Amino acid sequence: MINEGMLDKVLSPQDLRKILNADNMEIVRLCRKASIVPKKDENGKTYFSMEEARLLKQAKESKSLMPKSSSQVVVNTLLSSLQKMEDNMTSSITESITDSITKVLDERLEGMDEVVVELIRCKTENENLKNKVNELNKENYRLKNTLNSYKPFAFGLYVKKQEDDILL
């Protein structure tokens, strides 16, 4: 098995190509398949950890590994980045990062309360209008029934017959 000293070892893309016996395009495909995002050092050079190399090797050997959805990959990457940042920084800086993220989320979600209240108001108004339409339909039926109860008689006179007592 791999000991803790080997977990911290970093591999260059050349080392990874030798280990996996694959070209760059194959490594990119395997990274997508295993949902691994390559890291870059302070000089901008790409590197991989031993754990990532192990996962890529498993992905190459496995035919049925399903890739995670892209949104889940983004969330997992963000969470792991935040966790690494929190591990590497002092508690006061970590608190400020957490506070700033919380503040941004609160600002983004601030208008949602108003939207929910407006949706509830619209739904209530919609229900009231439906009830009013039903009442007007009933009244329209009753008035038509009354109108139809008058039948023409001679010389422009009308005779009222009994109305239907059917209600909606």
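The values are calculated or read from the model by the stated rules, or taken from the named source; none is laboratory data. Values in this document were obtained by computation on a predicted structure and should not be read as measured data. Note that we place each Cβ from the backbone using ideal geometry, even for glycine, and neighbour counts take in every protein chain shown. These accessible areas exclude ligands, DNA and RNA; they are computed on the full protein's heavy atoms, side chains included. Shrake-Rupley method; radii C 1.70, N 1.55, O 1.52, S 1.80 Å.
Would you check if there is a residue in segment 61-72 being surrounded by 15 or more Cβ atoms within 10 Å (Cβ to Cβ), closer than 23 Å to Leu20 by Cα and at pLDDT 75 or above? Within segment 61-72 (the criterion being surrounded by 15 or more Cβ atoms within 10 Å (Cβ to Cβ), closer than 23 Å to Leu20 by Cα and at pLDDT 75 or above), the answer is no, since none of the residues qualifies.
Every condition in (1) modelled with pLDDT of 80 or more; (2) surrounded by fewer than 16 Cβ atoms within 10 Å (Cβ to Cβ); (3) assigned to a loop (DSSP other than H, G, I, E, B); (4) of a type in the set (A, V, I, L, M, F, W, C) is met by Ile36 except one, and the failing one is (2). Remark: pairs (first residue in segment 119-147, free of Cβ contacts under 8 Å to residues at least 24 places away in the same chain; second residue of a type in the set (Asp, Glu); Cβ separation under 7 Å; 6+ apart in sequence or on different chains) = Asn145/Glu163; Asn145/Asp164; Thr146/Glu163.
Taking segment 1-24 as the range and being at pLDDT below 85 and open to solvent by 100 Å² or more (accessible area, probe 1.4 Å) as the test, the residues that pass are Met1, Glu4, Asp8, Lys9.
Within segment 79-129, the set of residues being modelled with pLDDT of 80 or more, within 20 Å of the chain's Cα centre (by Cα) and open to solvent by less than 80 Å² (accessible area, probe 1.4 Å) comprises Ile101, Thr102, Val104, Val115, Val116. Just checking, does segment 22-31 include any residue being more than 19 Å from Ser81 (Cα to Cα) and among the β-branched types (Val, Ile, Thr)? Yes: one or more hits.
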